[in-house]
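Single-structure report; data block below.
Quick note: the coordinates plus some simple rules give every number you see, no bench work behind them. Owing to the predicted nature of the structure, the values given are computational and were not obtained by experimental measurement. As a convention, Cβ positions derive from the backbone with ideal geometry for all residues, glycine included, and neighbour counts pool all protein chains shown.
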Amino acid sequence: MASEFILKQMKRQILLFLLFFTSLRLYAQVIQQNELVRFNWFTDNSNKSFYKSDTISLIRITNYPTDSLELNRQYKELDYNEDKNITRLNFRKNNDLNIIDVDVKNWTESNRKGKWTWKFDQSKQLISFYFKGKLHSVFSVKEKVNDKRNIYNFLILKLVRLN
């Protein structure tokens, strides 16, 4: 009788340990620099939120089932963002950054005059944006989420502004 009780207690402890370990892996997800480079990302820019908000989500489509569907990338981005303004970011390997604001109502694209660059600190999980050589903003990566909608997969990086 006592050995059954001890065995049950051990099973509970093992189960709790596994649950704890699994939850750590879910919340301690990190990104690598190569997950940013050469990909098209977008974020909500309603009310210029990319430039002002305390939190943003960088989003990218991770799969295109067919080449013809890749041509519809912009429509998919706008659909995902519920037809609100977006900002597109393209991280280049040489730390250059291409940022384009898309105004849905006026159907225009614009960018600020001047050079954008970026840096990623992998150990601290920080993404820094520079405009004309001056620090513009620093974000900490808080969460990495996969979201599947219909036939598309989205990778979402939830970021918190530090400055």
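A compact table of results
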| quantity | calculated |
| --- | --- |
| Pairs beyond 22 Å (Cα-Cα), from 76/132; 105/142; 93/148; 76/144; 76/142; 105/134 | 76/132; 105/142; 93/148; 76/142; 105/134 |
| Relative contact order (%) - criterion: Cα under 8 Å, at least six apart; region: region 74-114 | 28 percent |
| Of the trypsin sites (Lys or Arg not before Pro) in region 26-78, those whose Cβ has at most 16 other Cβ within 10 Å and which sit in DSSP loop | 38 |
| J(HN,Hα) series, region 123-133, from Karplus relation 6.51 cos²θ - 1.76 cosθ + 1.60, nearest Hz, glycine and proline x | 5, 9, 6, 10, 10, 10, 10, 10, 10, 6, x |
| Neighbourhood charge, 14 Å Cβ-Cβ cut-off, centred on residue 81 and excluding it, Lys, Arg +1 and Asp, Glu -1 | -1 |
| Sites matching GluC sites (Glu not before Pro) across region 57-158 that sit in DSSP coil, with at most 14 neighbouring C-beta atoms within 10 Å | 82 |
| Environment charge at residue 91 (Cβ cut-off 12 Å; Lys +1, Arg +1, Asp -1, Glu -1) | +4 |
| Computed lengthening from residue 126 to residue 84, 0.36 nm per intervening residue step minus Cα-Cα distance | 12.5 nm |
| Vicinal HN-Hα couplings computed from phi for region 35-47 (Karplus, 6.51 cos²θ - 1.76 cosθ + 1.60; Hz; Gly/Pro x) | 7, 9, 5, 6, 10, 8, 10, 9, 8, 5, 10, 5, 6 |
| Sequence-distant residues sharing a close amide H with residue 104 (under 5 Å, placed H) | 85, 86 |
